[in-house]
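Every read-out reported here was derived from the displayed coordinates using simple, explicitly stated rules and does not represent laboratory data. This structure is a prediction, so every number in the text was calculated from the model and none was measured. Here the Cβ positions follow ideal geometry from the backbone for every residue, glycine too, while neighbour counts run over all protein chains shown.
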């Protein structure tokens with residue numbers, strides 16, 4: 001059986017919404033400095049960089065080989081990676097995405113790290129429930145998996161408001177968990193409600209190396225101009241050669257997209273102990 005031992009963290013986003021001063025929310029000197037440089041994953045929350053909480057979640061799930069996909073000139077993230085690697089006794093390295101061309105392109109930046117192995121993929125500005133991360137990390141075999149989050153659970157257990165669901169991908173899956181499709185930023189999320197529930201994708205996956213070929217095969221989105229991971233997932237589904245399933249999750253996700261997320265995320269992280 002093929003187990004999951006590696007993780008790829010997308011940590012190179014430009015953080016445009018975090019840098020918008022027009023929101024009228026002051027972050028403080030250090031956070032402002034990091035936001036201005038597109039390094040929001042290093043923002044200190046409850047005494048630790050947000051990235052530390054993300055890495056802690058992966059390490060607790062047994063994923064001790066981690067690759068952070070970063071933008072050029074992100075030396076501070078590299079320094080933090082080296083610190084965590086030493087403190088936790090893990091492999092934490094960086095791969096540079098030369099240009100911000102989308103999430104599928106970011107996955108390809110880590111292809112040398114991935115090699116022929118299965119891997120977990122997540123966002124660097126999201127902290128997922130431990131049961132979702134560990135649930136995917138325990139999967140074996142040649143199946144791909146997506147963590148599908150219940151919209152109401154996201155609102156109850158995280159800091160994501162219901163009206164923000166349109167900013168994320170909506171998941172379509174059969175009752176037995178077979179992934180049928182995924183729609184990025186749907187104009188009308190309600191049309192995807194099934195049996196009273198709306199399932200949301202938050203970029204938490206367990207992939208086989210087959211996703212790399214799909215990331216290479218897709219074209220940029222006609223409006224957004226990016227190579228989107230959801231398009232690569234759709235390509236892989238259409239090919240039909242790799243089983244793809246959904247892991248249904250009830251818990252909430254902490255999101256660090258905008259300035260408005262900072263105070264709520266910090267409040268929910270207060271008192272959380274890390275393994276390093």
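Values as computed for the structure displayed
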{"read-out": "Residues of segment 106-146 with amide N under 16 Å of the 7 Å Cα→Cβ point at residue 250", "value": "129-133, 135"}
{"read-out": "Which of 128, 53 has the fewest Cβ neighbours within 10 Å, and the rest in rising order", "value": "53, 128"}
{"read-out": "C-alpha center-to-center spacing [segment 228-271, segment 66-142] in angstrom", "value": "14 Å"}
{"read-out": "Gyration tensor verdict on segment 218-266 (Cα atoms; rounded if a/c is under 1.5, prolate if a/b is larger than b/c, oblate otherwise)", "value": "oblate"}
{"read-out": "Prolate/oblate/rounded label for segment 1-127 (Cα gyration tensor, a/c 1.5)", "value": "prolate"}
{"read-out": "Shape of the chain, Cα gyration tensor, a/c cut at 1.5", "value": "rounded"}
{"read-out": "Considering only segment 4-269, percent of DSSP beta bridges that pair antiparallel, nearest 5", "value": "50 percent"}
